[in-house]
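The structure under discussion appears below in the form of structure tokens.
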């Protein structure tokens, strides 16, 4: 079970989101079992985008215990994502999914 939740808010047509694809793939490969990736499609999950106050794509948010700890809009380097995920303690990702499901 992962310790952290990384929310990725993007869309298929978004050029910066597409650029982040290989970065997220490598992040999952390098840090498997250290975080859960929660992908939110900004074109479909509009209510989730509003609830999380996401107004630009891509946006990345790290959660712990249902609370936002870090947020960044735009392209993020692999090293920064690794550092941020590693720097936070245990996350109860069930609370995040529950919050999204209650929208």
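The values are calculated or read from the model by the stated rules, or taken from the named source; none is laboratory data. All values reported here derive from a predicted model rather than from experimental measurement. So basically every Cβ, Gly included, is an ideal-geometry build from the backbone, and we count neighbours across all protein chains shown.
Annotations for the structure displayed:
- Flag if residue 80 is out of contact with any helix residue (DSSP H, G or I) (no Cβ under 6 Å at 6 or more places or on another chain), assigned to a strand (DSSP E or B) and on the phi < 0 side of the Ramachandran plot: no
- Residues in the stretch 1-36 that are in a strand (DSSP E or B) and modelled with pLDDT under 95: 5, 36.
- Subset tally (residues that are part of a loop (DSSP other than H, G, I, E, B) and surrounded by 13 or more Cβ atoms within 10 Å (Cβ to Cβ)) for the stretch 44-64: 5
- Within the stretch 66-82, the set of residues being free of Cβ contacts under 8 Å to residues at least 40 places away in the same chain and either more than 12 Å from residue 5 (Cβ to Cβ) or surrounded by 13 or more Cβ atoms within 10 Å (Cβ to Cβ) (or both) comprises 66, 68, 69, 70, 71, 72, 73, 79, 80.
- Boolean, residue 38 is under 25 Å from residue 101 (Cβ atoms) and touching a residue at least 60 places away in the same chain (Cβ under 8 Å): yes
- Of all residues in the stretch 65-76, exactly one satisfies the criterion of being in a strand (DSSP E or B) and within 19 Å of residue 13 (Cα to Cα), namely 73.
- Any chance residue 97 is under 14 Å from the mean Cα position of the chain (by Cα) and modelled with pLDDT under 95: yes
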